[in-house]
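First the structure, in the form of structure tokens, and then the observations on it.
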Amino acid sequence: MSKAKASGNYRYVILLTLWLLYFINYWDRISVLTLLPLIREDLNLTHAEVGLAASIFFFAYAVAQLFAGHMADRFGAKIMMRIAITVFTAITFATGLIKNFVHFFIVRVALGLGEGQHWTPSMKVCADWFPAGEKGRATGLYTTSFTIGPAVAPIAATFIAAALGWRSVFFLLVIPGIIGIICLNRYIINKPFEALALGKISKGEYDYIEAGMPPPMGHQEKGVYGRVVADPVFWCYSLIFFFNLAVYWGNTTWISSFLYEQHKLKLSTMGMVAAVPFIVGALSQYLGGIMMDKFFKGRIKPILLISFIGCLPSYYIMSIIPQGNVPLLVTFFILIGFFANLNWGPFVAFIQIRYPREIVGTAAGISNFIGQFGAFLSPVIAGFLILKTESGSDYSNVFIFFTLCSLTAAIATLFLNEQPLTEKMSEK
């Protein structure tokens, strides 16, 4: 094993490129959410309209998952990611041109359809390039892209918006999109055997990767696609995913508005405080992957339970923090950032471990399709839970809602089976 590792590390070039591409993906979408208070004021939108526009992104994103996962399995992940980054870069630019709610609604749908072509193909690449013993760390590191992205975006977006106006943010985001397209075309290769043929990796690294992979689907496993949707564990996982995304995206959607409207923070301060849970979350995500590989020997369930149970007091106390108490806000955003993100590396690795790599894209696409409805419904529900007060807005019920979602996810995790499906099938 050590000899194979010493023979090359192109898989980490792949991982770094995937990280950069998803960082750009999240920078685009988080900038919209960060600037929601300014967009709402400029376009004269209600909280319900903002919640609907924020949520419709996830409906379109969910629909795109079904096609993206299957198409990645069939035609390769790289072409799907190329479509994704081209589309969402163009739509991000168009966001700076919107004039009313209808325009905002349309660009949110288009952005969801574009960005939805990215996630499941990237999981397909991870599944093909990283052996079982490295999946926790690889996925843990990869998922930091969607915490570091949201950490950088609020600071950068509010700084640019304060100086040039919120529309300029979306015009300037074309630059990282173009950089991402160049890196994708140059460095991403669908499978290790293709890279070996191109001379990009050594035979030693190729053998190391293949030695750590689950056996391919045998002739007796032709019905494996049907077995995925017939697998009760798949539906348990998808239910957990639903509530996990409901909490993550409900919080991410409204965090800037919560700080700006309820706690009356200045724009620059709001951006800094909103970045806190994501900065902490990046460290937590990688820690979760290390814990999975090193301390729990590939087990996922203990980390998920620690994550969801830790979220319960963190979200609840956020609902009762006195207005404008920045030290207390920062303290509990640190806790939320840690516990809410600890599970991401292991959670993403679950599909890669349980299902054969030939169908990881399809399995991830179906589960993400289901899970994204949590992300779709949560911002809408939260929008209706926000109460208008004499001093502004009250988000207390929103954080109680997130607490209940975390509790449901913790209960469902108790029923999660971590055994690879290929093992069960071969035993029958």
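The values are calculated or read from the model by the stated rules, or taken from the named source; none is laboratory data. What you are looking at is a predicted structure, and each value in this text was computed from that prediction instead of being measured. Here the Cβ positions follow ideal geometry from the backbone for every residue, glycine too, while neighbour counts run over all protein chains shown. Please note that ligands, DNA and RNA were not included when accessible areas were found on the heavy atoms of the full protein model with its side chains. Shrake-Rupley method; radii C 1.70, N 1.55, O 1.52, S 1.80 Å.
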(Q) Given a 1.4 angstrom probe, I'd like the percentage of the accessible area of the range 1-125 that is carbon and sulfur, rounded to a whole number. (A) 70 percent
Q: Would you mind giving the three semi-axes, in whole Å and largest first, of the ellipsoid equivalent to the range 42-117 according to its Cα gyration tensor?
A: 27, 13, 6
Q: Starting from the Cα-Cα distance between Ala230 and Ile411, subtract it from 0.36 nm times their residue separation and give me the gain in nm to one decimal.
A: 63.0 nm
Q) What nm distance separates the two modelled labels at Tyr12 and Ala90, each placed 7 Å from Cα along Cα→Cβ? A) 3.7 nm
Q | Per residue solvent-accessible surface (Å²) - the range 62-187, probe of 1.4 Å | A | 35 Å²
Q: Could you look at the range 324-385 and say what percent of its accessible area is carbon and sulfur, using a 1.4 Å probe and all protein chains?
A: 85 percent
Q | Two-decimal ratio, the range 340-416, of alpha-carbon radius of gyration to 2.2 N^0.38 Å | A | 1.45
Q: Sticking with the crude label model, points 7 Å out along Cα→Cβ, report the distance from Ile182 to Thr331 in nm, one decimal please.
A: 4.7 nm
Q. In nanometres, what is the gap between the two model label sites at Ile83 and Ile290, each 7 Å from Cα along Cα-to-Cβ?
A. 3.9 nm
Q) Mind listing the Cα extents of the range 76-137 along all three principal axes, in Å, largest one first? A) 50, 21, 14
Q: Return an integer: the convex hull volume of the alpha-carbon atoms of the range 91-198, in Å³ per residue.
A: 113 Å³
Q) Quick one: what do you get for the range 269-428 if you divide its Cα Rg by 2.2 N^0.38 Å? A) 1.19
**Q.** Tensor-based shape of the range 15-174 (alpha-carbon gyration tensor, a/c under 1.5 rounded, otherwise prolate or oblate)
**A.** prolate
(Q) Please compute the length gained on full extension between Lys99 and Glu418, using 0.36 nm multiplied by the number of residues separating them and subtracting their Cα-Cα distance. (A) 110.0 nm
Q) Among Pro327, Pro232, Pro176, whose mean-square fluctuation peaks in a Gaussian network model of the chain (Cα, cutoff 10 Å)? A) Pro327
Q. Using a 1.4 Å probe, how large is the accessible area of Phe338, given in Å² and rounded to the nearest 10?
A. 70 Å²
Q. What residues qualify as long-range amide H neighbours of Ile201, i.e. H under 5 Å apart, gap of 5 or more or another chain, H built at 1.01 Å from N?
A. Leu196
Q) Placing +1 at every Lys and Arg Cβ and -1 at every Asp and Glu Cβ, with all other atoms neutral, what dipole size does the chain have around its Cα centre, in debye to the nearest 20? A) 680 debye
Q. Looking at the chain, do any whole DSSP H helices span at least 30 angstrom along their long axis by alpha carbon and average -1.0 or above on Kyte-Doolittle, and which?
A. 10-34, 47-75, 232-257, 267-290, 360-385
Q | Helix-only CD estimate at 222 nm, as mean residue ellipticity for the chain, using -39500 (n - 2.57) per DSSP H run (n ≥ 4) | A | -25500 deg cm²/dmol
Q: May I ask you to give the solvent-accessible area per residue for the range 335-387, in square angstrom, as obtained with a 1.4 angstrom probe?
A: 22 Å²
Q. Considering only Cα-Cα distances, which of the following residue pairs are longer than 24 Å: Lys124/Lys200; Lys135/Lys191; Lys78/Lys294; Lys191/Lys294?
A. Lys78/Lys294; Lys191/Lys294
Q: Once you have the Cα-Cα distance between Thr46 and Phe67, take 0.36 nm times their residue separation minus that, and quote the gain in nm to one decimal.
A: 4.2 nm
Q. Okay, which of the range 336-379 sit inside 14 Å, backbone N to the point 7 Å along the Cα-Cβ direction of Ile306?
A. 338-347
